[in-house]
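Data block below; observations after.
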Amino acid sequence: SFFGFRSWQTQRRLKTLSEFDYLTNIYNRRHFMTLAEYALKLGNRSRHVVSCITLDLDNFKLVNDSYGHGVGDWVLKKAAKNIKDCTRENDIFARLGGEEFILLLPSCDLSSAISVAEKCIQALSHIETAETGHDFNVSASFGISTTKESGYDMEILMVHSDEAMYFSKENGKNRFTAYSDLVILQREDES
């Protein structure tokens with residue numbers, strides 16, 4: 001009985017290690033992709049709009065270089081917690097790597113995804129950094145794509161939300177850009 005329990009504990013620990021990011025305790029990229037593919041299949045079958053939000057913490061390299069990796073890790077943990085608090089139970093939230101995160105929002109149209117991004121921006125701005133012994137702001141640049149424009153392919157959704165996120169980064173940071181708005185801007189530039 002004791003060995004059975006120990007085996008079960010070990011299996012559970014290994015499953016957790018394979019699905020979650022060790023630092024932030026949210027899903028890792030690999031497990032996110034598995035869950036996202038399933039959510040997109042369900043969304044496509046039921047014809048519900050699914051939204052994808054990619055976000056990258058602003059000036060994170062500067063925080064790491066100025067205050068050390070311990071403070072950088074603290075920022076990643078706090079940012080993940082504050083963003084997670086802005087999500088619904090069925091949303092899928094993961095750390096892609098470094099300071100980049102992703103949210104997949106099933107049954108969520110663009111206006112609802114924008115509301116989530118706005119909540120996340122506010123939540124990040126309320127992070128108190130005094131406990132690190134340093135005074136700095138935490139913010140992120142967000143990109144939003146939906147299956148309405150991008151279809152139900154996770155790779156395309158991610159590429160489009162990434163493009164929108166980089167537009168946010170290049171145009172002032174601490175903001176969101178919807179891929180659909182980016183397409184409109186590109187068309188205007190071509191005219």
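The values are calculated or read from the model by the stated rules, or taken from the named source; none is laboratory data. Predicted model, so just to flag it, every value in this text is computed and none were measured. With ideal geometry, Cβ positions are generated from the backbone for all residues, glycine too; neighbour counts draw on all protein chains shown. Each accessible area value is taken on the protein alone, full model and side chains, heavy atoms only, with ligands, DNA and RNA left out. Shrake-Rupley method; radii C 1.70, N 1.55, O 1.52, S 1.80 Å.
Miscellaneous remarks
- Average accessible surface area per residue within the chain, 1.4 Å rolling probe, Å²: 56 Å²
- Distance between the modelled labels on Ser125 and Asp73, one decimal in nanometres: 3.1 nm (7 Å Cα→Cβ projection).
- Potential extension, Tyr166-Asn44 segment - 0.36 nm per residue separation minus Cα distance: 41.2 nm
- Taking 0.36 nm per residue of separation and subtracting the Cα-Cα distance, full extension of the segment from Arg29 to Lys148 would add 40.5 nm.
- Heavy-atom accessible surface of the chain: percent carbon and sulfur, 1.4 Å: 50 percent
- Alpha-carbon gyration tensor eigenvalues x 5, square-rooted, for the stretch 101-191, Å: 27, 16, 11
- Here the relative contact order of the chain, from alpha carbon pairs under 8 Å that lie six or more residues apart, stands at 24 percent.
- Cα gyration tensor shape of the chain, rounded if a/c is under 1.5, else prolate or oblate by comparing a/b with b/c: oblate
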